[in-house]
Every structure is written in structure tokens, then in C-alpha cells.
1. With the condition kept exactly as written, say whether any residue in region 376-398 is closer than 27 Å to N314 by Cα and within 21 Å of the chain's Cα centre (by Cα).
2. Would you point out the residue of region 124-140, among those that are in contact (Cβ under 8 Å) with a residue 60 or more places away in the chain and within 19 Å of the chain's Cα centre (by Cα), that is farthest from P4 (Cα to Cα)?
3. Go through L498, L490 for me and flag whichever is touching a Gly at 6+ places or on another chain (Cβ under 8 Å), closer than 28 Å to A345 by Cα and surrounded by 17 or more Cβ atoms within 10 Å (Cβ to Cβ).
4. List the number of the failed condition for D406; all other conditions in (1) free of Cβ contacts under 8 Å to residues at least 60 places away in the same chain; (2) in contact with a helix residue (DSSP H, G or I) (Cβ under 7 Å, 6 or more places away or on another chain); (3) not hydroxyl-bearing (S, T, Y) hold.
5. Hey, does region 51-65 have a residue that's out of contact with any strand residue (DSSP E or B) (no Cβ under 9 Å at 6 or more places or on another chain) and surrounded by fewer than 19 Cβ atoms within 10 Å (Cβ to Cβ)?
6. Quick check: anything in region 16-33 over 25 Å from the mean Cα position of the chain (by Cα) and among the β-branched types (V, I, T)?
7. Give me the pairs: first residue in region 70-83 and modelled with pLDDT of 90 or more, second residue crowded, with 17+ Cβ neighbours inside 10 Å and of a type in the set (D, E, K, R), beta-carbon distance under 7 Å, and six or more apart or on different chains, which are they?
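The values are calculated or read from the model by the stated rules, or taken from the named source; none is laboratory data. All values reported here derive from a predicted model rather than from experimental measurement. Cβ coordinates were reconstructed from backbone atoms using ideal geometry, including for glycine residues, and neighbour counts include every protein chain displayed.
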Amino acid sequence: MQAPVLELNGHSLTIEDVVDVARHFRRVALDPAAVTFVDRGADLVASWAREGKVVYGITTGFGDLSHVVIPPDKRELLQRNLLVSHSCGMGEIFPEDVVRAAMLLRINTLIRGFSGITLGTLSRLLHYLNLGIHPVIPCQGSVGASGDLCPLSHMAITLLGLGEVIFRGRRMPTMEALQMEGLEPIALHPKEGIALNNGTQALTAVGALALADALSLAKTADVAAALSLEALHGVPYAFDARTHELRPHVGQKLVASNMRRLIEDSEIVEKYRHQRVQDAYSLRCVPQVHGASRDALEYVRQKVAVEINAVTDNPLIFPADGEALSGGNFHGQPMALAMDFFGIAVAELGNISERRQARMVDGKLSGLPPFLVEESGVNSGFMIPQYTSAALVSENKVLAHPASVDSIPTSANQEDHVSMGMYASRKGRMILDNVCRVVGIEVMTACQGLEFSKPLRPGRGTRAAYEALRDRVPFVREDAFLSPLMHEALAMVSEGTLLRAVEGAVGDLA
């Protein structure tokens, strides 16, 4: 059943809405009640332009050129020149879902009516989103203040018929896509260039989608940990609710609850529960480590929820007061810090996952066949998947260095402190992708380890995970080409297949 059209008012967008529009192509409309505010702001800007009132970005140049007054006959050219000159991105282009999310977030901020954009220009951007005309936006070039000038300019120049877009599965000049739809480029009104390119919507788009994926991954990491616990014949005492009530961090309690539910009715746990009184930290401290990452992700979620409904350009137009105020809402520091925290939190899920893998393949620690394969020696088994995880988590340790502690002055030192928020978001996404790979390898490794406990049955949740994986990844009896199997496990983690199978058996995890 197709989701209803999402009406944007600038106040009520959710992270789930962003995912629906970015990845599931949910259609979008403007809330009719909000359109009035857009018209009021545009009318006020038009009156200032007619009167020649000195207002930054309307009758003046930009950045360090704010002291230059622009004559009336050059004010529309000023806006066009801003977008053309600022479209200087380099590197790989953003994927389709990020571009769609950035377009959505920009529409959602402009509908508030504090940016001075006309309804016609805003409607064209909305039309692009619904038609699936996706601007080609390079991923490098933003320092996160004044927002995402470079990537948002690449988005905005397509409204002028410039640049490139991806449309109907093909990359093409923008004019070709417009001709296919019978559209003409628009002409910008005063303030519209800076309304389109000044804000944090590109870095927030990357962050919002990464966060949505990380919230799912965090639950899947609990599944992987439970599988490893059973493969290693771990004991359940560390997950007792009484322990976690004495240190009641929310994330810690949630993870402990998940672990109890996942291993419920496990014949393996029941048989080996008296084998030892405690396990190594990578098993025993899963609630504390995974839980701390959960709490960090909740902090990030709160920041993203604010940012996707925020007005972040400059100057801001206040029609009720007849004023334009220059401020700093475009500064990406709130998101930069959040996404640096995001990267650290997600990296830790990978770090502890790799340690569990290392225990499983070490016969001296696990009590299982060395490298989880019979006839080890002639067979290397799961020796090298753990190497791969080690390489990935080591890469993440470099990527987890915070971007937000850096700043480099721009615009002749007028913009003398920047957030580097875009790179914080981008590297957060890179860390997340690496951890998905690590957790996929752990799931595959742990399921291999569980084979040696048969005929004992795993818990209800872990059994569902094991059976789902075995539908796509077989037991490895002797050395085989493992890379395709590892990619199958990764797909089940990143696409949510594994988590859905588990939740089908035990209900939604916390």
C-alpha cells in the first residue's frame, strides 16, 4: 500500500519521513497553511529590493564582499552568480538517497517562510523531488559553515538548467531532463540564491540516513553478540536485570534485555551455564559497551530531529517584524559534534565485535576446533575473515578522529571558524559501512561456531538468526571461496533481513 503524500510544514518532519522519501520515493507536497508564510517572506524581500534597502545577500555581496552594494540591475544576476561560482565540488557524487534527503530537508526549511524564497522556485524544487530529477552533487567541498554552500549550490544550479542530474536511471545534462519533462529553467528573484545554498541540509541528509541505519545495526549487533555468546558456550549471569538496575543507563538496560530475550530457551546456555562464573569482557560487558553506543545514538537522534526542522540560512527574514537578521544558524557545529560522537559510538560496536570473533577462531580460548573448521591445518577455515575484521576496525580507529576539532578560515577570514560537519557526517557513514561488514562477519563466524554444539539448540532469537543465515550461507566444511559468503552475510545485516527474521521470532528488540 502506497504511503500517503507527505505534507511539509517545516515543523513536523521525522527521521522516518526522511527515509521514506529518500529511499522509498514517497511523494511530497507543501502544507497549504504554510504557503502563506512563504509568500509573506518573498513579498517583504521584493519590497526591500525595490526600495534599495541595504540587506545582506539581497542588495550586497556575500561573505567578505558584504560591504559591496549591488545596483538594482545586477541583483538577479547576483543570485545566479552565487550559485554558479559556489558549485565547486570534487570527488565522488552523493548516492541518490542522500540527494533526495538533502532536497527534502531544503524544502522543509524553506517552507517555514523565513528565507525569502518565492513559492514558484520552491515548487520547482519540490517538482524535481517528486519527478525523480536528482542533481549530481559531488561529496567534497563543504566545510560545514556557511552550511553546505558547495553541495547545495550543485543542487540549486539545476533549477537554472545548469549542471547535471540523474533522471530515469541515467546521468545527463540538466537541460536534457527538463526538455524530457517539458520544463524551462527558472529565473531567480532577489535572495533566492542564498536561500537555496546556505544551510546544513546536505551534511544533515548524510547524517540522518546514517543514523537510521545505525539504529538498526545496533540491534543487529546485539543479535551477533548473542550468537557469539552461545557459540563460545558463554554464561548468562551478566545479563541479569538486577545488575543493570544498579547502574540504570537506558542503553545498558535495553541491551541486557535484548540479550536475555535472544538466548531464551537455549539448550546450549542451559548445558554450559555452570561451566564458569563469568566470561571475558567482550561477552560479559555487551550491555555496557553496546548500551553506551545506544545512548550516544540517542543523543545524535535528538540533534538530527531538531536539525531536520530547523531554519539554517542567512540572513533570516522576519515578516512579522519587517526585519532581516544576520546570524549564524548555518554553522554546522551542532551536527558536527553529534556526528563525531556517532562515529565513535558506531566504531565501538565494531571493536568489540572483532574481539568476539578473535576468541571464536582461537581454539585455545574457545574450546572449539581451531579456526572453526575440521581438519584445521590443511584447512584455514575462518582465520582470514577475522583478519578482515581487524583491518576494518583499524581503519575505523583513524576515521573516528573527530572532524569538529578542526577549523580552517575561509572567505578572507570573514568565516574564521568552520565546523567540518560534512566530513564528520561522511566519515560517520564510512565507519558505519565498515561496522556493518564486521558484524556480518561475526554473524557468519558465530553461526559456524554453533555447528559444533549440535544437537543442542540455540535460543529462540539466536535460532531464528542462525536459520535465516543458513538460507543464504552454508556451513563451511572445508576451505572454500569465502568472500561471496561474507557479502551475503553483510547484505543480511545492512538490508535488515537478519533483524527482521529475529524479530519475527521474538518480537521487536529494544
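1. Among the residues of region 376-398, not one is closer than 27 Å to N314 by Cα and within 21 Å of the chain's Cα centre (by Cα), which makes the answer no.
2. C139
3. None of the other options fit; the residue is L490.
4. So the condition that D406 fails would be (2).
5. Yes, region 51-65 contains at least one residue that is out of contact with any strand residue (DSSP E or B) (no Cβ under 9 Å at 6 or more places or on another chain) and surrounded by fewer than 19 Cβ atoms within 10 Å (Cβ to Cβ).
6. no
7. Going by the 7 Å Cβ cut-off, the qualifying pairs are Q79/E192.
Here's the yes/no breakdown for (1) among the aliphatic types (A, V, I, L, M); (2) at pLDDT 95 or above; (3) buried (at least 18 other Cβ atoms within 10 Å of the Cβ):
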| site | (1), (2), (3) |
| --- | --- |
| A390 | yes, yes, no |
| S394 | no, yes, no |
| A400 | yes, yes, yes |
| I408 | yes, no, no |
| D416 | no, no, no |
| K427 | no, yes, yes |
| R437 | no, yes, yes |
